[in-house]
Amino acid sequence: MRDTDRNDLGIYDDVADQWWSDDIRWVRTLRNMVPGRLAWFDKRIDWAGKRVLDLGCAGGFMAEALSDRGAIVTGLDPAADAIRAAQAHADATGRDITYDVGIGESLPYEDGCFDAVVCVDVLEHVSDLQLVVGEVSRVLRPGGMFLFDTINRTRIAHLVTITMAENVLGLLPRGTHDPALFIRPSELRKTLTDAGLVAGAFTGLAPRGITTRLDFTFAPFPSQSVIYMGTARKPKAPT
């Protein structure tokens, strides 16, 4: 059952002015997850020259990392203040990234205009998973790749992300996640298939170290019981 006090997406606008300050622990945690994700994603795609949509980009951590790898990046997020912070930081650091305000259920882009769509820490927040994945499929060119992560709907995921991360350790603001929106891998694979995508490999993502500021670092991990990453491809047109 959905909890109307949860899935608070306003947290991204609330901290937009401090997104790049390194002062907020939960924002640092999000930043620390990027290298772990890319340690796995980088083995599955050559980003250089690819047109990439960072769907749910927030303040731009992943978008900038992809730009630094040579991708032609567009970031999209419903949090307008976070988008302004992302654009300001890209401009200040000389990165050519396009940022737009919008939602995954209605992407403001033409069919087949991206070589890849990256969607991290997003799918467990959307109002209509099937519609979002369908939109991802639509904007991917034939042969394009969808790279994502999300949270599994398991008891241990509830314990780790809600009880521990939100309520005990304060790694995330209370109310960030609604566990009713967590997605089992089998459910996501079916949604990908229904959208015309071919699911690829899945793997886990988990804390694997700690910084001098006592923040977690992340890396790929065999278990998918909490956070899992995956890929899917849009089939090429028959020749």
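Computed from the coordinates by the stated procedures, all read-outs in this text should not be read as laboratory data. Treat the numbers as computed from the prediction; the structure is a model and nothing was measured. Heads up, the Cβs are rebuilt from the backbone with ideal geometry, glycines too, and the neighbour counts pull from every protein chain shown.
Would you confirm, using the coordinates I've provided, whether LEU171 is of a type outside the set (Ser, Thr, Tyr) and more than 15 Å from the chain's Cα centre (by Cα)? Steps first, please.
Working: of a type outside the set (Ser, Thr, Tyr): yes; more than 15 Å from the chain's Cα centre (by Cα): yes.
In short, yes.
Summed over the stretch 211-222, residues that are out of contact with any helix residue (DSSP H, G or I) (no Cβ under 8 Å at 6 or more places or on another chain) and either surrounded by fewer than 16 Cβ atoms within 10 Å (Cβ to Cβ) or free of Cβ contacts under 8 Å to residues at least 12 places away in the same chain (or both) total 3. Scanning the stretch 110-126 for residues that are more than 9 Å from the chain's Cα centre (by Cα) and in a loop (DSSP other than H, G, I, E, B) yields GLU110, ASP111, GLY112, CYS113, VAL126.
Flag: VAL73 matches the condition of being under 18 Å from VAL139 (Cα atoms), crowded, with 18+ Cβ neighbours inside 10 Å and not polar (S, T, N, Q).
Condition check ((1) surrounded by fewer than 17 Cβ atoms within 10 Å (Cβ to Cβ); (2) on the phi > 0 side of the Ramachandran plot; (3) not in a loop (DSSP other than H, G, I, E, B)) across all residues:
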{"position": "PRO142", "(1), (2), (3)": "yes, no, yes"}
{"position": "LEU147", "(1), (2), (3)": "no, no, yes"}
{"position": "THR150", "(1), (2), (3)": "no, no, yes"}
{"position": "ARG153", "(1), (2), (3)": "yes, no, no"}
{"position": "THR161", "(1), (2), (3)": "no, no, yes"}
{"position": "ALA165", "(1), (2), (3)": "no, no, yes"}
{"position": "GLY170", "(1), (2), (3)": "yes, yes, no"}
{"position": "PRO173", "(1), (2), (3)": "yes, no, no"}
{"position": "HIS177", "(1), (2), (3)": "no, no, no"}
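Counting only residues that are among the acidic types (Asp, Glu) and over 13 Å from the mean Cα position of the chain (by Cα), the stretch 133-151 holds 1 of them.
Look at (1) without any contact (Cβ under 8 Å) to a residue 40 or more places away in the chain; (2) more than 20 Å from PRO185 (Cβ to Cβ); (3) out of contact with any Asp or Glu (no Cβ under 6 Å at 6 or more places or on another chain) and you find that ARG153 fails only one, number (2). Among the residues of the stretch 28-48, some residue qualifies, meaning at least one is in contact (Cβ under 8 Å) with a residue 12 or more places away in the chain, farther than 22 Å from CYS113 by Cα and β-branched (Val, Ile, Thr). The residues listed here are THR191, THR163; of these, the one that is of a type in the set (Val, Ile, Thr) and in contact (Cβ under 8 Å) with a residue 60 or more places away in the chain is THR191.
Within the stretch 196-225, the residues that satisfy the criterion of being out of contact with any Phe, Trp or Tyr (no Cβ under 9 Å at 6 or more places or on another chain), within 18 Å of LEU123 (Cα to Cα) and not in a strand (DSSP E or B) are GLY196, SER225. Picking from residues in the stretch 194-210 that are buried (at least 17 other Cβ atoms within 10 Å of the Cβ) and without any contact (Cβ under 8 Å) to a residue 24 or more places away in the chain, the one that is farthest from VAL117 (Cα to Cα) is PRO207.
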